[in-house]
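Chemist: Dumping the structure here so I can ask a few things about it.
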Amino acid sequence: MNVSLIATIEKNALEAMGLIKDLETLARFETQFLGRKSELSSLLKELKNLSPEEKRTIGPKLQALREKLQTLHSEKQAEIENNTRDWEVERLDVTAPGIPRHIGHLHPITALEHEVLGIFEHLGFTVAEGPEAETEWYNFDALNFPKDHPARDMQDTFWIVGGGTKIKKGKVLERERLLMRTHTSPNQVRFMEKNKPPFRVIVPGRVFRNEATDASHEHTFHQFECLMLDETGKVSVATFKHVAETFFETFFGKKVTVRLRPSYFPFTEPSFEFDISCVLCDSAGCSTCKQTGWLEIGGAGMVHQNVLTAAGYPKGKYQGFAWGFGLTRLAMMKYKITDIRQFMGGDLRFIRQF
Ligand code: DAH
């Protein structure tokens, strides 16, 4: 076999390759130089008729040329494809706005709760929690509710049928009637039992009432319980007024006046309900404050001695204020929401507005 033939094939192939500009010519090149009927293929087929010595010298040369041409072919193919890409179509505009992805966010009440807790923490309050399924003792008895108080009625309280059974080693130890807590106040006693004054604590939480629901009544809503206790003579109604005003001024970012009105709660003596000057109209009178210039906020008072005794404290040693208020009400004021049922209604169109 003529070795110079191999060199000629290579020379021709390289020349042809140099002229190729598109895929069609490249396909012709492939048929001509690498195809089954190409000179190179015929030479490779003839190899078997050669003497062992010729096979050894010529064989590798033919193989090498074939590989070289194959490599050149794929390189050229990549080059042509690259050159003919439509970059306008494929262009990636990294400055274009992305596809917005809907990620969840906190429920407005939860967000508000965090905000409120933050303010109280700055005022030196500890945050505590308590159970939603509560015993009758903590929810009513320890808070000085008389046995026949109407708040205990089926109409006001969700009682858990058969709840509160404590079982240890297969034996029923005690049965206690459980209920869904109707306020966060049971945590006053729960916290007192585990801590010694002086302390300031705030307990947020969900509370439940067996209500006929309407725009301003809901069976499930959120409250806060605030308790500040110290030795007798150190915490007064003036302390409460100051804490309340500081809280609301920080929360609403403006000057707020707190007004107390005499009231009654079994667990405080004296008791009062309190209002704040209307932050929406600056007390000029608007629909939210019903033209009075005041917004009703919640109940408060000096903790009743019977409550302190129920918590196991010695009589007369400690004194302090307790304060309960509806976080849901605060949210309604802040966002001007007129129907309380929106919050727990589960309608995402409402929730997504926050
Ligand atoms: N627990 C009361 C309620 O839900 C609110 C309340 C009133 C809490 C007076 C207090 C308080 O701590 O001192 O209606």
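The values are calculated or read from the model by the stated rules, or taken from the named source; none is laboratory data. Remember, it's a predicted structure, so these values are computed and weren't measured experimentally. Here the Cβ positions follow ideal geometry from the backbone for every residue, glycine too, while neighbour counts run over all protein chains shown.
Chemist: I want to confirm something. Restricting to the stretch 107-149 and keeping residues that are closer than 27 Å to GLY312 by Cα and polar (S, T, N, Q), which single residue is farthest from the chain's Cα centre (by Cα)?
Modeler: Per the criteria, the residue is ASN144.
Chemist: Next question, about the same structure. Just give me the residues in the stretch 142-171 being at pLDDT below 70, surrounded by 10 or more Cβ atoms within 10 Å (Cβ to Cβ) and among the β-branched types (Val, Ile, Thr), in sequence order.
Modeler: Residue satisfying the conditions is THR165 alone.
Chemist: Another one. Just to check your reading of the model, which residue among TYR318, TYR313 is hydroxyl-bearing (Ser, Thr, Tyr), crowded, with 20+ Cβ neighbours inside 10 Å and more than 14 Å from the ligand (Cβ to nearest atom)?
Modeler: On the way: TYR313 fails: crowded, with 20+ Cβ neighbours inside 10 Å.
The match here is TYR318.
Chemist: Something else: Regarding the stretch 281-304, can at least one residue be identified that is farther than 30 Å from ARG152 by Cβ and of a type in the set (A, V, I, L, M)?
Modeler: So far as the stretch 281-304 goes, yes, one or more of its residues are farther than 30 Å from ARG152 by Cβ and of a type in the set (A, V, I, L, M).
Chemist: Which condition breaks for VAL203 when tested against (1) in a helix (DSSP H, G or I); (2) closer than 18 Å to LEU308 by Cβ?
Modeler: Result: VAL203 passes all but (1).
Chemist: Can you tell me which of (1) among the hydrophobic types (A, V, I, L, M, F, W, C); (2) under 30 Å from ARG200 (Cα atoms); (3) at pLDDT 90 or above is the one ALA284 doesn't meet?
Modeler: Every condition holds for ALA284 apart from (2).
Chemist: Another one. Name every residue in the stretch 291-310 that is within 16 Å of the ligand (Cβ to nearest atom) and farther than 23 Å from PHE252 by Cβ, in order of residue number.
Modeler: Once the filter is applied, which keeps residues that are within 16 Å of the ligand (Cβ to nearest atom) and farther than 23 Å from PHE252 by Cβ, the stretch 291-310 yields GLY301, MET302, VAL303, HIS304, GLN305, ASN306, VAL307, LEU308, ALA310.
Chemist: Test THR288 against the stated conditions and say whether it is over 23 Å from PHE208 (Cα atoms) and either of a type in the set (D, E, K, R) or more than 16 Å from the ligand (Cβ to nearest atom) (or both). Give the derivation first.
Modeler: Values: over 23 Å from PHE208 (Cα atoms): yes; either of a type in the set (D, E, K, R) or more than 16 Å from the ligand (Cβ to nearest atom) (or both): yes.
For THR288, the condition - over 23 Å from PHE208 (Cα atoms) and either of a type in the set (D, E, K, R) or more than 16 Å from the ligand (Cβ to nearest atom) (or both) - is met.
Chemist: Would you pick out the residues in the stretch 31-41 that are more than 12 Å from ARG66 (Cβ to Cβ) and either of a type in the set (S, T, N, Q) or assigned to a helix (DSSP H, G or I) (or both)?
Modeler: Start the filter on the stretch 31-41 by keeping residues that are more than 12 Å from ARG66 (Cβ to Cβ), which leaves 31-32, 36-37.
The answer is THR31, GLN32.
Chemist: Mind listing whichever residues of the stretch 213-244 are over 31 Å from the mean Cα position of the chain (by Cα), in a loop (DSSP other than H, G, I, E, B) and exposed (fewer than 15 other Cβ atoms within 10 Å of the Cβ)?
Modeler: Going through the stretch 213-244, the residues over 31 Å from the mean Cα position of the chain (by Cα) turn out to be 229-242.
Filter once more, keeping what is in a loop (DSSP other than H, G, I, E, B): 232-236.
Passing the criteria: THR232, GLY233, LYS234, SER236.
Chemist: Only one residue in GLU174, GLU134 is outside any helix (DSSP H, G or I), modelled with pLDDT under 95 and within 13 Å of the ligand (Cβ to nearest atom). Which one?
Modeler: From the options GLU174, GLU134, the qualifying one is GLU134.
Chemist: Return yes or no: is TYR264 surrounded by 19 or more Cβ atoms within 10 Å (Cβ to Cβ), among the hydroxyl-bearing types (Ser, Thr, Tyr) and over 33 Å from the mean Cα position of the chain (by Cα)?
Modeler: So TYR264 does not fit the description; no.
Chemist: Same structure, new question: Which of the residues that make up the stretch 228-278 are β-branched (Val, Ile, Thr), within 16 Å of the ligand (Cβ to nearest atom) and in contact (Cβ under 8 Å) with a residue 60 or more places away in the chain?
Modeler: Within the stretch 228-278, VAL235, VAL237, THR239, VAL243 qualify.
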